[in-house]
1. Extension gain Glu93-Met131, at 0.36 nm per residue separation less the Cα-Cα distance, in nm?
2. Quote the relative contact order of the range 1-86 in percent (integer), defining contacts as alpha-carbon pairs under 8 Å separated by 6+ residues.
3. Can you show me the helix-derived [θ] at 222 nm for the chain, built from DSSP H runs with n ≥ 4 at -39,500 (n - 2.57) apiece and divided by the number of residues, rounded to the nearest 500.
4. How many percent of DSSP beta bridges within the range 100-169 run antiparallel, rounded to 5?
5. Sort out for me the Cα centre separation of the range 1-59 from the range 79-146, rounded to whole Å.
6. Tabulate in residue order the Karplus-calculated ³J(HN,Hα) for the range 33-45, using 6.51 cos²θ - 1.76 cosθ + 1.60 with θ = phi - 60°, rounded to whole Hz; enter x for Gly and Pro.
7. If you stretched the chain out fully between Glu57 and Gln114, how much longer would it get, using 0.36 nm times the residue separation minus the C-alpha to C-alpha distance?
8. Pop out the ³J(HN,Hα) list for the range 60-74 in order, Karplus 6.51 cos²θ - 1.76 cosθ + 1.60 with θ = phi - 60°, rounded to Hz; leave Gly and Pro as x.
Amino acid sequence: MISDDLLYVLDIVEGTSVDGTGLRTSIYFAGCENRCEGCHNPSSWLVENGRGMSAEELFDIIVAADMNVTFSGGDPMLRPEAITRLARRIKAETDKTIWCYTGYTFEDILRHPQRRALLETVDVLVDGRFMLAERDTSLRFRGSRNQRIIDVARSLAAGRVEVFDDNIR
């Protein structure tokens, strides 16, 4: 049985440089309803494939690793409430940045209150479904050309998508 209090994690990779700028602790959450054709990890689609972990356990791992954080999946926006609680604690108690990968678009997230709450804790959002027809292995930090790398704070302030410039962080 899936618990609303637990976060379901497929994997945690410390020291990765492929899921955002610098070295990061990437947490791959289980569960994704997008089921993109060509997905590199279809086992991530089912929440049940993850291991239930408390926000406290994940926070301790993040603090011990002492790196910035990336939420990926699956899709962290599928079950945003528990991840939002973790993200708020990261922001309140550390100086870590948070990147988040999602198949939802920025615009769709803004219309969903629980997803928007998670978005508001994130520094950089990589949005959009992976599209096999748009696949481009030369892209940095994304798999297909339709996906955007978004500076969340600037976008929320401007009321429109502002593309992330990795020269400013």
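Nothing in this text is a laboratory measurement; each read-out follows from the coordinates by a stated rule. Since we're looking at a predicted model, the values are computed, not measured. When we count neighbours, we look across all protein chains shown, and the Cβ atoms used for this are built from the backbone with ideal geometry, even at glycine.
1. Difference between extended and current length: 10.0 nm.
2. With pairs under 8 Å counted, the relative contact order is 38 percent.
3. Mean residue ellipticity at 222 nm (helix-derived): -7500 deg cm²/dmol.
4. On the way: 6 of 8 bridges.
Roughly 75 percent of the beta bridges in the range 100-169 run antiparallel, per DSSP.
5. The range 1-59 and the range 79-146 have Cα centres spaced 12 Å from each other.
6. Coupling constants for the range 33-45: 8, 6, 6, 5, 4, x, 3, 6, 8, x, 5, 7, 5 Hz.
7. Details: separation 57, 0.36 × 57 = 20.52 nm, distance 2.23 nm.
So the chain would gain 18.3 nm between Glu57 and Gln114.
8. Each residue of the range 60-74 in turn: 4, 5, 4, 5, 5, 6, 6, 9, 5, 10, 10, 9, 9, x, x Hz.
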